1. Would you call A:Lys110 away from chain B (no Cβ under 12 Å) and either under 12 Å from the mean Cα position of the chain (by Cα) or modelled with pLDDT of 95 or more (or both)?
2. Applying the selection to segment A:41-89, what residues are part of a loop (DSSP other than H, G, I, E, B) and in contact (Cβ under 8 Å) with a residue 40 or more places away in the chain?
3. Please find, within segment A:40-83, the residue that is farthest from A:Glu17 (Cα to Cα) out of those that are loosely packed, with under 13 Cβ neighbours inside 10 Å and within 10 Å of chain B (Cβ to nearest Cβ).
4. Those residues that are crowded, with 17+ Cβ neighbours inside 10 Å and of a type in the set (A, V, I, L, M, F, W, C), I need them from segment B:10-30; list them, please.
5. Every residue in segment A:14-32 that is at pLDDT below 95 and either of a type in the set (A, V, I, L, M, F, W, C) or closer than 14 Å to A:Thr105 by Cβ (or both), please.
6. If I filter segment B:54-63 for residues that are surrounded by 13 or more Cβ atoms within 10 Å (Cβ to Cβ) and over 25 Å from A:Asn95 (Cα atoms), do I get at least one hit?
7. Say we look at segment A:84-104 and pick out the residues that are over 14 Å from the mean Cα position of the chain (by Cα) and over 18 Å from A:Leu50 (Cβ atoms); which of these is farthest from the other protein chains (Cβ to nearest Cβ)?
8. Taking B:Ser99 as the residue in question, decide whether it is surrounded by 14 or more Cβ atoms within 10 Å (Cβ to Cβ) and at pLDDT below 95.
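The values are calculated or read from the model by the stated rules, or taken from the named source; none is laboratory data. Predicted, not measured: the structure shown is a model, and the values here were computed from it. Virtual Cβ from ideal backbone geometry, glycine too; neighbours counted across all protein chains shown.
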Amino acid sequence: EDQVTQSPEALRLQEGESSSLNCSYTVSGLRGLFWYRQDPGKGPEFLFTLYSAGEEKEKERLKATLTKKESFLHITAPKPEDSATYLCAVQAMANNNDMRFGAGTRLTVKP
Amino acid sequence: ETGVTQTPRHLVMGMTNKKSLKCEQHLGHNAMYWYKQSAKKPLELMFVYSLEERVENNSVPSRFSPECPNSSHLFLHLHTLQPEDSALYLCASSLSGGSDTQYFGPGTRLTVL
């Protein structure tokens, strides 16, 4: 069965303190891995899609990387406005209608 | 209106009530989804529609009944719900089924008393 595990569950950083969020996955043939950001009381906001090991994508202070077993979301010099829950999800080749989500990492950036 | 909209944003209902959640997408997409998000649990896919045809139903109880009258609108009809059905219900759309990125609405916060 496809599984997605995100760690840590919660992360508190000082403004400017870089760190990484982890998404480990088990899937029978990866079609795509997705990162979303979710603010309290709102729907998830799309950040990145990664399709193959070695692929990297960047957006402002965020950089997503992918290996055959996990993905990292690197946050460089975070600001308080980066505080949110970050969700990882995978789609398998065998069932491309089903996006399997992890439980998320709740990030808090203190000024 | 842009993106994916959902109404109402908040809903409180008793276990004997019947209510409906509405989702509308303004992106020209052909696939729409219903998800359930409970506290500290991953998003759970409930229903998938592609070109107005239901293509997936992840063993959802019959007290939840979806309807997709056209590619821009999606409804979730609710009846005789249980308190454990209280959650954030999210609608999403994508250009087609498959690996296309899904774009989410703001959700409806449902409380069942």
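1. For A:Lys110, the condition - away from chain B (no Cβ under 12 Å) and either under 12 Å from the mean Cα position of the chain (by Cα) or modelled with pLDDT of 95 or more (or both) - is met.
2. Once the filter is applied, which keeps residues that are part of a loop (DSSP other than H, G, I, E, B) and in contact (Cβ under 8 Å) with a residue 40 or more places away in the chain, segment A:41-89 yields A:Pro44, A:Lys69, A:Thr76, A:Ala77, A:Pro78, A:Lys79.
3. Taking the candidates together, the pick is A:Tyr51.
4. Across segment B:10-30, the qualifying residues are B:Leu11, B:Met13, B:Leu21, B:Cys23.
5. Those that are at pLDDT below 95 and either of a type in the set (A, V, I, L, M, F, W, C) or closer than 14 Å to A:Thr105 by Cβ (or both): A:Val27, A:Leu30.
6. Within segment B:54-63, one or more residues are surrounded by 13 or more Cβ atoms within 10 Å (Cβ to Cβ) and over 25 Å from A:Asn95 (Cα atoms).
7. The selected residue is A:Ala94.
8. yes
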